[in-house]
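Take a look at the structure set out below.
The values are calculated or read from the model by the stated rules, or taken from the named source; none is laboratory data. In this text the structure is predicted, and so the values were computed from the model without any measurement. We place every Cβ from the backbone using ideal geometry, glycine too, and count neighbours over all the protein chains shown. For the accessible areas, the whole protein counts, side chains as well, though only heavy atoms, and no ligand, DNA or RNA atoms are used. Shrake-Rupley method; radii C 1.70, N 1.55, O 1.52, S 1.80 Å.
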Amino acid sequence: MPVLSLLRKVRDSNERKLRRLFPILAAVNHWSQKMKDLSDEELRAKTSEFKRRLASGETPDQILPEAFAVVREAARRTIGLYPFDVQVLGGIVLHQRRIAEMKTGEGKTLVATMPAYLNALVGKVHIVTVNDYLAKRDRYWMGPIYEFLGLSVGLLQEDTPPAERKKAYQCDIVYGTNAQFGFDYLRDHMVLSRDQKVQGPLDYAIIDEVDYILIDEARTPLIISGPTEETARMYREFARLARLFRPGEDFEVDEEHRRLSLTEKGWEKAEKLLKFDNIADPRAATARYHLETALKALVFYKRDRDYIVKDGRVIIVDEFTGRLMPDRRYSGGLHQAIEAKEGLPIQREHQTLAQITIQHYFRLYKGLAGMTGTAKTEEEELKKIYGLDVVQIPTNRPMIRYHHPDVIFRTRKAKFEAVAEKVAELHRQGRPVLIGTTSIEDSEYLSQLLKKRGLPHQVLNAKYHEKEAMIVAQAGRLGAITIATNMAGRGTDILLGGNPEYRARQEADPQTEPERYQELLERYRKEAEEERKKIVQPADPRSPYGRWVLEQIKKWCRETGKEFRPEEWQEIYQGGLFVIGCQRHEARRIDDQLAGRAGRQGDPGEAQFFLSLEDDLLRIFGGERLSALMERLGVKEGEAITHDLLTRAIRRAQKRVEERNFEIRKRLLEYDEIMAKQRDAIYALRERFLLPGAGETPNDAELREHLLGMAEEFAELLVERYVPRGKPPEEGDLSGLLRELAQVCEPLPELKAKRWEDLLKIVQEALKEQLDRQWERLAPHFPVVARLVVLRTVDENWRQHLLELDDLREGIGLRAYGGTDPLVEFKREAHRMFEEMLVRSEEQVMRVLLSPRLTIRVEAAPALAPAAARASSSASRPAPSKPQASASPPGRVGRNDPCPCGSGKKYKHCCGKGL
Ligand SMILES: Nc1ncnc2c1ncn2[C@@H]1O[C@H](COP(=O)(O)OP(=O)(O)OP(=O)(O)O)[C@@H](O)[C@H]1O
Ligand SMILES: [Mg+2]
C-alpha cells in the first residue's frame with residue numbers, strides 16, 4: 001500500500017478519532033466530581049449561568065465539559081441513571097455533529113440528553129425517532145432531566161393538532177418522528193399567513209437510528225398530496241389489459257431492479273388494444289406509462305409480502321421492518337394500479353402538492369448528528385451525502401453475544417421446520433427466544449408450526465408500536481417465545497427476566513395508585529431477578545465457550561485501553577436471549593439490529609440465522625450457484641448445511657444489494673437536487689407574500705415594490721409578444737398590443753414611440769400607474785387580495801410543475817436509450833419548465849390584479865381557504881389547521897364570480913371550494 005494512503009488510514013482510524021475525545025472526557029469527569037456536591041438549586045442555577053456565559057462570548061465547546069457534567073448529575077438525581085464514560089464519549093460525538101455508533105442496548109436514549117441540553121442553550125433541538133411510540137417513550141423517560149434543569153420539552157405525535165404542534169416547537173427540546181418534522185416543514189410552506197406556521201428554526205437535530213432514517217427511509221420522499229380528477233375506470237381498464245400480456249413474450253422482466261419493458265410484440269399488442277396508431281406517439285405517453293405500471297403491479301408486487309389488503313385498502317408492508325405503513329402510498333399511480341389489480345375501490349388519485357426527500361429535509365438543519373447501533377457499513381454514504389463522520393464507541397461492558405454460523409436448507413419448508421424444532425429445544429430449557437421474520441406471511445406460517453407443537457408464543461406484526469413494544473419488552477422472560485416481523489423491535493429494550501416497570505404499569509397507574517404501583521414493582525423486580533437466574537447461568541471459563549468469552553473480554557480491554565486482569569473476570573455467564581433470524585436481509589445492518597436484541601449491556605446472548613435457497617436474497621443473487629454447490633455437497637431436502645463458501649456467498653450478495661440501493665438513493669438525490677433548488681426558490685418567493693400574522697404590521701411598501709417589479713416584467717412580456725425585441729414599433733402589431741392592454745389598463749396609453757425601448761418604457765409606466773390606481777381604488781383590501789392572488793397562483797402552478805416534473809422524469813428514463821445522459825437532459829428541461837412556470841404565474845397574477853374589472857366584495861370572515869387546508873399528506877396527518885381568519889379579513893369574492901387567483905374557474909369551484 002502506498003505510504004500516503006497508509007498514513008491517511010491511520011489518521012482516520014477509529015482509534016485515532018477516539019483518542020482525540022479522551023481529553024474532553026477527562027474534563028467532563030473532572031467537573032462531574034464537583035457537581036456531586038451541589039444542591040439541587042445550585043445545579044439548576046447552572047442553566048442560567050451557562051446562558052449568561054454563552055451570551056457574553058463563551059462557546060458551547062468551551063462549556064461542554066461543565067454542561068455535560070451537570071446533565072450527568074441531573075440524570076442521576078431524576079431518573080436514576082448516571083451516564084457511563086462511553087456514553088459521555090457518545091454525547092461528545094453528537095455535539096460535534098457526527099454519528100456515534102454505539103451497539104444496541106448501550107443506552108443511546110440517555111446519551112442524547114447531554115448534547116441536547118448543551119445545544120438547547122443556544123437554539124432549538126429536535127430529537128428524531130423512528131416511530132411515535134419511541135418519541136413518546138423517550139420524551140417521558142428523559143423529560144425529567146431537562147425539566148429539572150429548567151428547560152422545556154415538547155412532543156410531536158401523529159395526532160397532535162396544529163396549535164399544540166406550535167407549542168411543542170416553542171419548547172427547547174422536541175421529540176418526534178422524521179415524518180412529523182418533515183411534514184410540518186412542508187405544511188409550513190403551504191400556509192397563507194405567517195402565524196399559521198408551526199415549526200420555527202431548524203438549528204440542531206439528533207437522529208436516533210440514524211441509518212434507518214437517513215438510509216432506509218430515504219428511498220421514499222415525504223409527499224403531501226391532494227386529489228385530482230383522474231378516474232378509477234382508467235386504472236381498472238389497464239389492470240384488465242395487463243392480464244393479456246405474457247412475460248417473456250410481450251414483455252421482459254428484470255426482477256433485480258424491478259423493471260420491465262415491453263417487447264416489440266408487446267408494443268404491437270398495446271397499440272392494437274389501446275387503439276393508438278403508434279405507441280411511441282407522445283400522446284400515448286400516459287397510456288404507455290399506465291400500462292407499464294399495471295404490469296409492474298401484477299408482476300412485482302405480491303400480496304402479503306409487499307402489501308396486505310385490509311378493509312378494502314392496500315396497505316404497504318415496509319420491506320425493511322415488515323411494519324405496516326397505512327399512511328404511505330406507492331407513487332406514480334402504482335398504488336391505484338395495485339388497487340385495480342385486487343379489484344378494490346380505487347382511492348382517488350392523489351397528486352403531489354409538496355414533496356421533499358428525507359435527505360434534503362435534514363440537510364436544512366444547521367447542525368445534524370445521529371446515533372445508531374449500525375452505521376459503519378454505510379459510512380461512505382453518510383459521509384458523502386450528509387457530510388457525517390462515523391465514530392465507533394466501545395461498549396460499556398464486553399459484548400458477549402455468540403453468533404452461530406448460518407444454517408442453510410434447500411427449501412423454505414425445511415427451514416421453518418428446523419426453526420420450530422430449535423425453538424422447542426430452547427423452550428424446554430426455559431430460554432427466551434425472539435424470532436425475526438421478514439413478512440407477515442412467514443410469521444403466520446411459523447406460528448402454525450409452533451401451535452402444532454403446543455408451544456405458546458406471541459406474534460407481532462409491528463402494527464401497534466406501543467402495544468407491541470410492551471410485548472417485545474417482555475420477550476426476555478423465562479420461556480417467552482416471540483415472533484416479530486424482522487425488527488418490530490428496533491429501539492426496544494429487552495430485559496432478561498422481563499421489564500418490571502412495564503408490567504407494574506399495566507396493572508396500576510403510578511400517578512393515581514402510587515402505593516399499589518410500588519408494591520407491584522417490588523414484586524415484579526424480585527420475580528425478574530429470580531427468572532434471570534434461571535436464564536443466565538455461570539459458565540466454565542475453561543470450556544470452549546468460556547475461552548471464547550475471555551477472548552471477547554480481552555478484545556474489549558484492548559479497545560478501551562484497559563488492562564486485562566484475569567482475576568476480575570472469574571465469573572462469566574452463558575444463556576440469555578436467543579435470537580433466530582429466518583432470512584438474511586438485504587442490508588447487513590438490519591440483521592445486526594435483530595441480533596442486537598440479545599446480549600445487551602454485557603448480558604450473554606446468542607443469535608443464529610436459518611436460511612433457505614428459496615429465500616429472496618439467495619434466489620435473486622446467485623441462487624443457482626448455491627444450488628449447484630449444495631448438489632455437489634450432496635445435501636438432501638430437510639438437511640442443513642453450514643459452509644464457509646455459502647456464508648461468504650451470502651455476504652457478497654448482501655454487499656451487492658447494499659451497493660445497488662446506494663445507487664438508487666444517489667440517483668434519487670441527484671434528481672431531487674434539481675427540484676430542491678426550485679423548491680427553495682418558490683418557498684422564498686412565497687415567504688415574501690405571506691399574510692402577516694396577528695399583531696404584525698404588514699410591510700406594504702415592500703409588497704408594492706415587488707408588484708411594481710412584476711408589472712414591469714409583464715409589460716416586457718406583452719410588448720415582446722406583439723413587437724419583436726429591438727424592431728421599430730411600427731413594424732410590430734401595435735393594435736394587437738392595444739387590444740391586450742385594454743384588458744389590464746384603463747385609460748390606455750398612447751403608443752407613440754420610435755424605438756422599441758421607448759415603447760417598452762411607455763407600457764411599463766402605464767402598467768405601474770395602473771397598479772397604483774388599483775391599489776387606491778380597492779383600498780384597504782388590495783394588499784391582502786394581492787398577497788392571496790400571488791400565493792394561490794404560485795401554489796397552483798408549482799403543483800402543476802411538480803406533476804410535470806414527475807412525467808418528465810419518466811419520459812427522460814425512456815430517452816436514456818438514445819445515449820444522452822438522462823440527468824443532464826432532466827436538468828435542462830426542468831430548468832426551462834421552471835422558468836416558463838414563473839413567467840406564467842407572473843402573467844396570471846398581473847392579469848387579475850391589473851384588471852379594471854376587478855372588484856372586491858367585502859363580507860365577513862372567514863378568509864379564503866389556504867391550499868393546505870384542502871390538501872392531505874400521503875403520510876396521514878391530522879386535519880390541517882382551519883385557516884384562521886387573518887388579521888384583517890380579506891375581501892371576499894362572490895361564489896359565482898371568477899376566482900381572483902386567475903384560474904378562470906368560478907370562485908366556488910376553485911379557491912372557494914368547500915367554503
Ligand atoms: N448509565 C446507565 N446506567 C444504567 N443503565 C443504563 C444506563 N444507560 C442506559 N441504561 C439502560 O440500558 C438499557 C438500554 O437503553 P436504550 O434503550 O437507551 O439503549 P439503545 O442504545 O437506545 O438501544 P437500541 O440500539 O436497541 O435502541 C435500558 O434498560 C437503560 O435503562
Ligand atoms: Mg434506542
query: Across 5 Å bins from the origin, how do the percents of Cα pairs in the stretch 482-571 run, short distances first?
result: 3, 12, 13, 11, 13, 15, 14, 9, 7, 3, 0
field: Solvent-accessible area per residue, Å², over the chain with all protein chains present [probe radius 1.4 Å]
entry: 45 Å²
query: When all C-alpha to C-alpha distances in the chain are sorted into bins of 20 Å, what percent of pairs does each bin hold, rounded to whole numbers?
result: 12, 38, 34, 13, 3, 0
field: 13 Å beta-carbon shell around Leu738, net charge (K/R +1, D/E -1)
entry: -1
query: Between Asp159 and Ser13, what length comes free when the chain is fully extended (0.36 nm per residue of separation minus the Cα-Cα distance, one decimal in nm)?
result: 48.1 nm
query: Which residues does a label at Glu256 reach in the stretch 595-625, if reach means a backbone N under 17 Å from a point 7 Å past the Cα toward the Cβ?
result: 616-625
query: Using the alpha carbon gyration tensor of the stretch 400-660, what are the three equivalent-ellipsoid semi-axes (square root of 5 times each eigenvalue), largest first, in whole Å?
result: 33, 25, 17
Globularity index of the stretch 121-260, i.e. its alpha-carbon radius of gyration over 2.2 N^0.38 Å: 1.49
message: I need the fraction of alpha carbon pairs in the stretch 72-138 separated by more than 18 Å, rounded to a whole percent.
response: 38 percent
For peptides 208-217, 696-705, sequence by mean Cβ density within 10 Å, most packed first: 208-217, 696-705
message: Just to confirm the number: angle between the C-alpha axis of helix 178-188 and the first principal axis of the chain, 0 to 90 degrees, nearest 10?
response: 10 degrees
Nearest-0.05 FRET efficiency for Tyr445 and Arg656, computed from C-beta distance (R0 22 Å): 0.20
- prompt: Taking a quarter of the surface of the convex hull around the Cα atoms of the stretch 640-722, what do you get in nm²?
  reply: 12.9 nm²
- prompt: How much of the accessible area of the chain, in percent, comes from carbon and sulfur atoms when a 1.4 Å probe is used?
  reply: 51 percent
5 angstrom amide H check on Leu368, placed H, neighbours 5+ away: Ala205
- prompt: So what is the diffusion coefficient of the stretch 688-792 in µm² per second by Stokes-Einstein at 10 °C and 1.306 mPa s, using a Kirkwood Rh over Cα pairs?
  reply: 107 µm²/s
- prompt: Across bins of 5 angstrom width beginning at 0, how are the C-alpha pair distances of the stretch 186-263 distributed, in whole percent?
  reply: 3, 9, 9, 11, 13, 13, 13, 9, 9, 7, 4, 0
statement: For the stretch 538-630, shape from the Cα gyration tensor axes a ≥ b ≥ c, cut at a/c of 1.5 then a/b versus b/c, turns out prolate
query: For Gln62 and Leu685, what is the calculated FRET efficiency with R₀ set at 41 Å and r taken between the beta-carbons, to the nearest 0.05?
result: 0.55
message: Rg and Dmax in Å for the stretch 5-153, alpha carbons only: what are they?
response: 15.7, 53
- prompt: For the stretch 621-679, what's the radius of gyration and Dmax over Cα atoms, in angstrom?
  reply: 19.2, 61
task: Please compute the net charge surrounding Arg397, taking Lys and Arg as +1 and Asp and Glu as -1 over other residues with Cβ under 14 Å from its Cβ.
output: 0
message: With both bridge residues required to lie in the chain, what share of the DSSP beta bridges run antiparallel, to the nearest 5%?
response: 35 percent
task: Between Ala694 and Lys636, with labels modelled 7 Å along Cα→Cβ, what's the label distance in nm to one decimal, could you check?
output: 8.0 nm
query: Taking Cα atoms, how many degrees apart are the long axis of helix 756-777 and the longest axis of the chain, rounded to 10 and kept between 0 and 90?
result: 80 degrees
- prompt: ³J(HN,Hα) across the stretch 843-852 via Karplus (A = 6.51, B = -1.76, C = 1.60, θ = phi - 60°), whole Hz, x for Gly/Pro?
  reply: 4, 4, 4, 5, 4, 6, 6, 8, 4, x
statement: Helix 544-560: inclination vs the chain longest Cα principal axis, degrees, rounded to 10, gives 50 degrees
message: Explain nothing, just compute: Karplus ³J(HN,Hα) = 6.51 cos²θ - 1.76 cosθ + 1.60, θ = phi - 60°, for every residue of the stretch 54-64 in order, whole Hz, x for Gly and Pro.
response: 5, 5, 9, x, 6, 9, x, 4, 5, 8, 3
